[in-house]
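Asks: Right, I'll just put the structure down here and ask away after.
Quick note: the coordinates plus some simple rules give every number you see, no bench work behind them. Keep in mind that what you see is a predicted model, and the values were worked out from it rather than measured. When we count neighbours, we look across all protein chains shown, and the Cβ atoms used for this are built from the backbone with ideal geometry, even at glycine.
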Amino acid sequence: MATFITGLVILLLGGYLYGKFVEHVFKPDDRETPAVRMKDGIDYVPMNKWKNALINLLNIAGTGPIFGPIQGILFGPIAFITIPIGCVISGATHDYLSGMMSLRQNGAQMPGIIRKFLGNKTYQVYNIFLCFLMLLVGAVFTYTPGDLFAGQICGFQDVNVWTWVIYGVILLYYLVATLFPIDKIIGKIYPIFGAILLLSAIGVFVGIFIQGYQLDNIDFSHGLKGIFDVYPIFDAQGNSGVGTKFIPVFFVTVACGITSGFHSTQCTLIGRSVEHEKEGRTVFYGMMILEGLIAMIWAAAAMGLYNSGSTAGATAAVGEVAKGLLGPVGGIMAILGVIVLPITSGDTALRSCRLMVADYLHIDQKTRKNRVLVTLGIFIPVILILVFAKMNAEGFNILWRYFAWSNQTIGVFAFAAITIYLMAKKGAKKGIYLIALIPGSFYMFIISSFILSQKIGFSLPMTVAYIIAGILTALYFAGLIIAGKKYAANHEEE
């Protein structure tokens, strides 16, 4: 329990102090924001701080801060320290600076920011990765709410025709939402489910103490190697001693619970609604800290569950925790919140993917025929990915890891753009760009060593993967410094 409490202190106190530091680096002022200066009632709509904060939380907090930490806690109590540290110096910093850059770039979205600071060639590569991520988001955010509804609400233990009907209903909603802006109607009611998410997280937090869940502390008896080496408990199927390396697998597994590249696309979207720059720390930085808190709570609940002897997978663990700590009614309400939130992110992802594909291929989207053709081109791979994930015994684990890897790859691009922006920022202190370059380089090492070493990638020996990843990371670090100095010599950013 002491390690968990220590992690909460790091998250909340560290988030407050480091958040103020990052805000000081950016220097928000009283200038008119794009929401005010370019108000059009469609894309640029001023909204108050707390409404923006809630919407941003709903956009970024799907199943990521729940399923990722549930799987990540299998590495043991070290997760209670790495999740909050990562949130404070990486995830929340990434979200805040992405959103604030948008404010200073007339509400530009992340692809436009990438093109400006990293060039057209990098922008083309970024778009490919982003489209890939959006397809995986669509698949993950069909699989997880569908499985939760089938297993925890309907009580289906095995896959049957009704399971596929549930998936079909979710996909049908995505199809309609991708073609038509019905999210404006749905958006009026899904904040209710956001409240359910927060209330259920509070309920789970209190329940952990009331039920006396056993939360392990870090064991230093075997030194650092014993802390960072392998799964100390068991995997999601109950196998012990599976020998999975903490670096890079932990950081890919936890995914959105620490850092999410997907967030940069959502924060720039909310950037068009922020009325005052000084609200950014609450709207962007603060909501990622809150997501980190949700991640910590569900990680703790999962540890308590697994320590009681359960070997439930991620989706089943959500149901066992919710019903066990909140009772039948409270558990069902919590599960419904977890079901609806990813759906409201999945429709946004697939709609964004349609627009990106159409823009990339220069397909006019004013006609319904063209919209339908592009949409079908997107949905076919999503359905194929979903079928593979459901019919394969390791399908969800494979799907989640590709999703998490591509998600953090997008984050590496975002950190690169932020680094160059800070190098060219007017009045910025020398070396301040390191607040973005260091976490960006860290994740460059993570995504490189992961894809090089894992079966879903190149299956290289871990030592070889580390060496190659180290070289790629050094090139990333040095290349950004060179590119940043070149950009700063010809540009000055506000």
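Asks: Let's see if you can work this out: charge +1 on each Lys and Arg Cβ, -1 on each Asp and Glu Cβ, no other charges. What is the dipole magnitude of the range 284-419 about its Cα centre, in debye to the nearest 20?
Replies: On the way: 9 positive and 6 negative charges, 98 e Å.
That gives the range 284-419 a dipole magnitude of about 480 debye.
Asks: Past 31 Å, Cα to Cα: identify those pairs from Lys27/Lys116; Lys116/Lys245; Lys245/Lys485; Lys245/Lys486; Lys20/Lys51, in the order given. Provide the component values of the computation, followed by the final result.
Replies: Values: Lys27/Lys116 21 Å; Lys116/Lys245 37 Å; Lys245/Lys485 36 Å; Lys245/Lys486 38 Å; Lys20/Lys51 21 Å.
Check vs 31 Å cut-off fails for Lys116/Lys245; Lys245/Lys485; Lys245/Lys486.
Asks: Give, rounded to the nearest 20 debye, the magnitude of the charge dipole that the range 2-393 has about its Cα centre when Lys and Arg contribute +1 at Cβ and Asp and Glu contribute -1 at Cβ.
Replies: Details: 26 positive and 22 negative charges, 222 e Å.
Roughly 1060 debye, rounded to the nearest 20.
Asks: Can you list the HN-Hα couplings for the range 459-467, worked out from phi with the Karplus curve (6.51, -1.76, 1.60; θ = phi - 60°), rounded to whole Hz and with x for Gly and Pro?
Replies: With coefficients 6.51, -1.76 and 1.60, one gets 6, 6, x, 4, 4, 5, 4, 4, 5 Hz.
Asks: Determine, for Ile258, Ile192, Ile378, the number of other Cβ atoms within 10 Å of each Cβ, and report the residues in order from fewest to most. Walk me through the numbers before you get to the answer.
Replies: On the way: Ile258 35, Ile192 11, Ile378 23.
In increasing order of surrounding Cβ atoms, one gets Ile192, Ile378, Ile258.
Asks: May I pose another question? Sorted from fewest to most neighbouring beta carbons within 10 Å, what does the list Thr367, Thr282, Thr311 look like? Please list the in-between numbers first.
Replies: On the way: Thr367 10, Thr282 19, Thr311 15.
Fewest to most other Cβ atoms nearby, the residues stand as Thr367, Thr311, Thr282.
Asks: Let me ask something else. How big is the equivalent ellipsoid of the chain along its three axes, where each semi-axis is √(5λ) from the Cα gyration tensor, reported in whole Å from largest to smallest? Before the final figure, lay out each step's value.
Replies: On the way: eigenvalues 206, 152, 106 Å².
Three semi-axes, in Å: 32, 28, 23.
Asks: Residue-wise, which Karplus ³J(HN,Hα) couplings in Hz belong to the range 330-338, taking 6.51 cos²θ - 1.76 cosθ + 1.60, θ = phi - 60°, and x for glycine or proline?
Replies: x, x, 4, 4, 5, 5, 4, x, 5
Asks: Using the charge dipole of the chain (Lys, Arg: +1 at Cβ; Asp, Glu: -1 at Cβ; taken about the Cα centre), state which of Asn59, Met110, Gly203 has its Cα farthest towards the positive end.
Replies: Final value for the positive-end residue is Met110.
Asks: What residues qualify as long-range amide H neighbours of Glu493, i.e. H under 5 Å apart, gap of 5 or more or another chain, H built at 1.01 Å from N?
Replies: Here the answer is Lys425, Lys426, since their amide H atoms fall under 5 Å of that of Glu493.
Asks: Work out the charge dipole of the range 2-393 with +1 on the Cβ of Lys and Arg and -1 on the Cβ of Asp and Glu about the Cα centre, then indicate which of Val176, Val22, Val159 is farthest towards its positive end.
Replies: Val176
Asks: Among Ile247, Tyr487, Phe129, pick out the residue whose Cα is farthest towards the positive end of the charge dipole of the chain, where Lys and Arg carry +1 and Asp and Glu carry -1 on C-beta, about the Cα centre.
Replies: The residue sitting farthest along the positive end of the dipole is Tyr487.
Asks: Rounded, prolate or oblate: which one fits the range 78-152, using the alpha carbon gyration tensor with axes a ≥ b ≥ c (rounded when a/c is under 1.5, else prolate when a/b beats b/c, else oblate)?
Replies: On the way: a/c = 2.38, a/b = 1.36, b/c = 1.75.
Here the range 78-152 falls in the oblate category.
Asks: On a straight-distance basis, which lysines could pair with Lys390 in a cross-link, Cα separation under 24 angstrom, same-chain partners fewer than 8 positions away excluded?
Replies: Lys455
Asks: Order of Trp405, Trp164, Trp298, Trp50 from fewest to most other C-beta atoms within 10 Å?
Replies: Working: Trp405 22, Trp164 15, Trp298 29, Trp50 11.
The fewest-first ordering by Cβ neighbours comes to Trp50, Trp164, Trp405, Trp298.
Asks: Here's something else I'd like to know. Residue by residue, what Karplus-based ³J(HN,Hα) values in Hz, rounded to whole numbers, does the range 255-268 have, using 6.51, -1.76 and 1.60 with θ = phi - 60° and x for Gly and Pro?
Replies: For the range 255-268, the Karplus-derived couplings read 6, 4, x, 10, 9, 9, x, 4, 4, 4, 6, 7, 5, 5 Hz, x marking Gly and Pro.
Asks: Same structure, new question: Please give the residues of the range 304-344, grouped as numeric ranges, whose backbone N is less than 20 Å from a label point set 7 Å along the Cα-to-Cβ vector of Phe156.
Replies: 313-320, 332-333, 335-344
Asks: Suppose the Debye formula is applied to equal point scatterers at every Cα of the range 58-203; what is log10 I(q)/I(0) at q = 0.15, 0.22 Å⁻¹?
Replies: With one equal scatterer per Cα and no solvent, log10 I(q)/I(0) is -1.17, -1.46.
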